[in-house]
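The values are calculated or read from the model by the stated rules, or taken from the named source; none is laboratory data. On a predicted model such as this, the values are computed, not experimentally measured, just so you know. Here the Cβ positions follow ideal geometry from the backbone for every residue, glycine too, while neighbour counts run over all protein chains shown. With ligands, DNA and RNA removed, areas are computed over all heavy atoms of the protein, side chains included. Shrake-Rupley method; radii C 1.70, N 1.55, O 1.52, S 1.80 Å.
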Amino acid sequence: MIKIVNADGKSERELLAQIRARSGETNRRVTSEVGEILENIRKNGDAAVAEYTARFDTPPVRFRLDRHDMEKAMEDCDTAFLAALRQAAENIKAFHERQKRQSYFDVRSDGVMMGTRIRGLDRVGIYVPGGTAAYPSSVLMNALPAKIAGVKEIVMVTPPDKNGGCERGIAAAAYIAGVDEIFLCGGAQAVGALAY
């Protein structure tokens, strides 16, 4: 049943105080648990990532997927779905191409050179939510702007599906977007793996 709060000045302040207190407890607990996960991953690397993935998700059949695996996943996708992914990719590219900045250099008459050099990072990691639902659009919206910015290598993490694999729509979107490799892990352990 929905709790009714009278807007009398006192009741809503009490309700907000209760919500804030509950939120603070959750934040401290989550921060502590995530801190422990990250520290374990920093110390123990892939073994810790595998341990947490087995605990929180379905253990992956394979931990790492390469471009060939992503391309193969496309064979299992509906052609209309692939056409929609490709169209979405073109729309996203067209939008982000307009945001791209260019390097420039000017040389003054006294020989002083000024300018800006713009270049992409060599390697980035992206997190794509998954598990109970698949979001191929998240792949496109993360990877394509990075590619347009000049990033040379994109590593993606996403939780394994219920069968321990990569959801085929996510893998297909990763191939279309130019992702270089996928690691099947999710949550704080996936972010920690990217960081460490």
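On the stretch given as region 135-166, residues that are under 15 Å from ALA73 (Cβ atoms), in contact with a helix residue (DSSP H, G or I) (Cβ under 7 Å, 6 or more places away or on another chain) and surrounded by fewer than 20 Cβ atoms within 10 Å (Cβ to Cβ) total 0. Here are ALA94, ALA7: which of them is of a type in the set (Gly, Ala, Ser), assigned to a loop (DSSP other than H, G, I, E, B) and either surrounded by 10 or more Cβ atoms within 10 Å (Cβ to Cβ) or out of contact with any helix residue (DSSP H, G or I) (no Cβ under 9 Å at 6 or more places or on another chain) (or both)? Criteria check complete, one pass: ALA7. Being more than 18 Å from ILE182 (Cα to Cα) and surrounded by 13 or more Cβ atoms within 10 Å (Cβ to Cβ) is a property that ASN40 has.
Going through region 16-33 one residue at a time, which ones are open to solvent by less than 100 Å² (accessible area, probe 1.4 Å) and either over 17 Å from GLY187 (Cα atoms) or at pLDDT 80 or above (or both)?
Of everything in region 16-33, those that are open to solvent by less than 100 Å² (accessible area, probe 1.4 Å) and either over 17 Å from GLY187 (Cα atoms) or at pLDDT 80 or above (or both) turn out to be LEU16, ALA17, ILE19, ALA21, SER23, GLY24, VAL30, THR31, SER32, GLU33.
Note on region 36-65: residues that are part of a helix (DSSP H, G or I) and either under 13 Å from ALA193 (Cα atoms) or of a type in the set (A, V, I, L, M) (or both) total 18. Among the numbered conditions (1) touching a residue at least 12 places away in the same chain (Cβ under 8 Å); (2) open to solvent by 100 Å² or more (accessible area, probe 1.4 Å); (3) of a type in the set (Val, Ile, Thr), the only one that THR132 does not meet is (1). Assessment of region 100-121 against the conditions (under 28 Å from ILE37 (Cβ atoms) and touching a residue at least 12 places away in the same chain (Cβ under 8 Å)) yields at least one matching residue.
Within region 56-71, can you find the residues that are touching a helix residue (DSSP H, G or I) at 6+ places or on another chain (Cβ under 9 Å) and open to solvent by 70 Å² or more (accessible area, probe 1.4 Å)? Let's see the steps before the verdict.
Initially, region 56-71 is screened for residues touching a helix residue (DSSP H, G or I) at 6+ places or on another chain (Cβ under 9 Å), giving 56-57, 59-60, 62-63, 65, 67, 69-71.
Those that are touching a helix residue (DSSP H, G or I) at 6+ places or on another chain (Cβ under 9 Å) and open to solvent by 70 Å² or more (accessible area, probe 1.4 Å): PHE56, PRO59, ARG62, ARG67, GLU71.
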